[in-house]
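Participant: Before anything else, here's the structure in question.
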Amino acid sequence: MDDPFVYLNGTMIPLSEAKIPVLDRGFIFGDGIYEVIPAYQRKLFRPAQHLQRLFRGLAAVSIANPHDTQGWLALIEEVLRRHPAENQLVYMQVTRGVAQRTHAFPPSEPTPTVFIMSNPLVPLPDEARENGVACVSMEDQRWLHCEIKSISLLGNVLAAQNAVVHQATESIQFRDGFLTEGSASNVWIVKNGSLIGPPRDNLILEGIRYGLMEELCSADRIPFEARRIARAEVFAADEVLLSSASKEVLAVVTIDGQPIANGKPGPIYKKLYAAYQAAKAA
């Protein structure tokens, strides 16, 4: 596990041997797209949705998709097979490739760089599941195409570091007074039994769990709404939740030291977390 096999440009090699040229546009400009797929007991979770998002991102930035769906799945399965962990997070990255440094697209289209690796999917501590987690708020200072899963993640890095500095699990971001998302999570509120999320637009990355949460709500008869959410509504919510590939569904019990409702995980969180586990096992 210290030196797992990864895929790089047609070859399966140990991670320690994986190298790229310094003029790769991913290294120079962050010019690329990535995707992360969880696998439980080596079975990919919602792979079609993840690959569709990868394909949308590549099209949005005009990078040629190097593989079709079956080609991607074959490579991912090989990386999964070679890793010893049963539960994994598979990371895929495609950059525009190697070219002389100039901001505009190279006049002759380079061959995209393709990289796939996997890491163990480490479950959150039981304490976080049972008691919920603390978050902090901050202004969303990222670019205006957050719907693209770009490898240019400095804004997200700074937001994640803000959470670390404040000894919090996540930074919950607001733009012009309205909720957007966390550094690596979608954020939800619960009010009067309804789950409410920000709209699917360019200000958030539509997490794969966004559609899943909507499906789980429908199956459990939990009202679901997507709309703009004012900052005051977040702090006055009955519950606040995070969702992501690694967090799954997680209850937020304080923001900026202020309790959310009674400061404990609520009933909608418990229903959705149980439903999520059932979806994983299906």
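The values are calculated or read from the model by the stated rules, or taken from the named source; none is laboratory data. The structure presented is a predicted model; accordingly, all values stated were derived computationally and were not measured. Neighbour counts are summed over all protein chains in view; Cβ atoms, including those assigned to glycine, are modelled from backbone coordinates with ideal geometry. Side chains are part of the model used for accessible areas, which takes the heavy atoms of the whole protein and leaves out ligands, DNA and RNA. Shrake-Rupley method; radii C 1.70, N 1.55, O 1.52, S 1.80 Å.
Participant: For the range 162-213, what's the radius of gyration and Dmax over Cα atoms, in angstrom?
Facilitator: My reading of the Cα-based Rg and Dmax gives 11.8, 33 Å.
Participant: Can you list the trypsin sites (Lys or Arg not before Pro) in the range 222-279 that are in a DSSP coil and have 16 or fewer other beta carbons within 10 angstrom? Working shown, then result.
Facilitator: Numbers: sites: Arg227, Arg228, Arg231, Lys247, Lys270, Lys271; in loops: Arg227, Arg228, Lys247.
Filter output for the range 222-279: Arg227, Arg228.
Participant: Additional query: For Lys43, give me every one of the aspartates and glutamates with a C-alpha distance below 19 angstrom, ignoring sequence neighbours fewer than eight places off in its own chain.
Facilitator: Those aspartates and glutamates meeting the cut-off are Glu35, Glu77, Glu78, Glu86, Glu248.
Participant: With angles folded into 0 to 90 degrees, how steeply does helix 267-281 sit against the dominant principal axis of the chain? Use alpha carbons for both and round to 10.
Facilitator: 30 degrees
Participant: Compare His145, His50, His67 by solvent-accessible area with a 1.4 Å probe and give them largest first, with all protein chains kept in place.
Facilitator: Values: His145 85, His50 0, His67 55 Å².
Of His145, His50, His67, the descending order of accessible area is His145, His67, His50.
Participant: To continue, here is another question. Taking only protein heavy atoms into account and a 1.4 Å probe, give the accessible area per residue of the chain in Å². Please report the intermediate quantities before stating the final value.
Facilitator: Numbers: 13390 Å² over 282 residues.
Per residue, the chain has an accessible area of 47 Å².
Participant: Which aspartates and glutamates have a Cα less than 13 Å from the Cα of Lys191, not counting those fewer than 8 places away in the same chain?
Facilitator: Those aspartates and glutamates meeting the cut-off are Glu225, Glu233, Asp238, Glu239.
Participant: If packing is taken as the mean number of other Cβ atoms within 10 Å per residue, what is the order of 257-266, 100-109, highest first? All intermediate terms of the calculation are to be shown ahead of the outcome.
Facilitator: Working: 257-266: 14.9, 100-109: 10.0.
The peptides rank, most packed first, as 257-266, 100-109.
Participant: Moving to a separate point now. In degrees from 0 to 90, rounded to the nearest 10, what is the angle of the helix 208-220 Cα long axis to the longest principal axis of the chain?
Facilitator: 40 degrees
Participant: So how tilted is helix 47-60 from the main axis of the chain? Cα-based, degrees 0 to 90, rounded to 10.
Facilitator: Between helix and principal axis, roughly 70 degrees.
Participant: OK, next. At 222 nm, what helix-only mean residue ellipticity would the chain give, in deg cm²/dmol to the nearest 500, using -39500 (n - 2.57) for each DSSP H run of four or more? Before the final figure, lay out each step's value.
Facilitator: Values: 8 runs with 84 residues, N = 282.
Result for the chain: -9000 deg cm²/dmol, rounded to the nearest 500.
Participant: Give the dimensionless ratio obtained when the Cα radius of gyration of the range 113-237 is divided by 2.2 N^0.38 Å. Present the calculation step by step, with values, prior to reporting the outcome.
Facilitator: Working: Rg = 15.3 Å, N = 125, 2.2 N^0.38 = 13.8 Å.
Against the compact-globule rule of thumb, the ratio is 1.11.
Participant: Kirkwood Rh over alpha-carbon pairs of the range 1-116, then Stokes-Einstein at 4 °C and 1.567 mPa s: what D in µm² s⁻¹, rounded to an integer?
Facilitator: Numbers: Rh = 14.8 Å.
The calculation lands on 87 µm²/s.
Participant: Where the accessible area of the range 153-195 is counted over protein heavy atoms with a 1.4 Å probe, how much of it, in %, is carbon and sulfur?
Facilitator: Details: 1050 of 1820 Å².
Looking at the range 153-195 in its full context, I get 57 percent from C and S.
Participant: Using only the alpha carbons of the chain, what is the convex hull's orientation-averaged projected area in square nanometres? If you can, show how the numbers build up before the last one.
Facilitator: Numbers: hull surface 59.9 nm².
Approximately 15.0 nm², given one-decimal rounding.
Participant: From Cα pairs below 8 angstrom and at least 6 apart in sequence, can you work out the relative contact order of the range 1-112, rounded to a whole percent? It would help to have the intermediate numbers written out before the result.
Facilitator: Values: 140 pairs, mean separation 39.6, N = 112.
Normalised by residue count, the contact order of the range 1-112 is 35 percent.
Participant: When the expected Rg is taken as 2.2 N^0.38 Å, what fraction or multiple of it is the alpha-carbon Rg of the range 218-259?
Facilitator: Numbers: Rg = 12.1 Å, N = 42, 2.2 N^0.38 = 9.1 Å.
Cα Rg divided by the expected 2.2 N^0.38 Å: 1.33.
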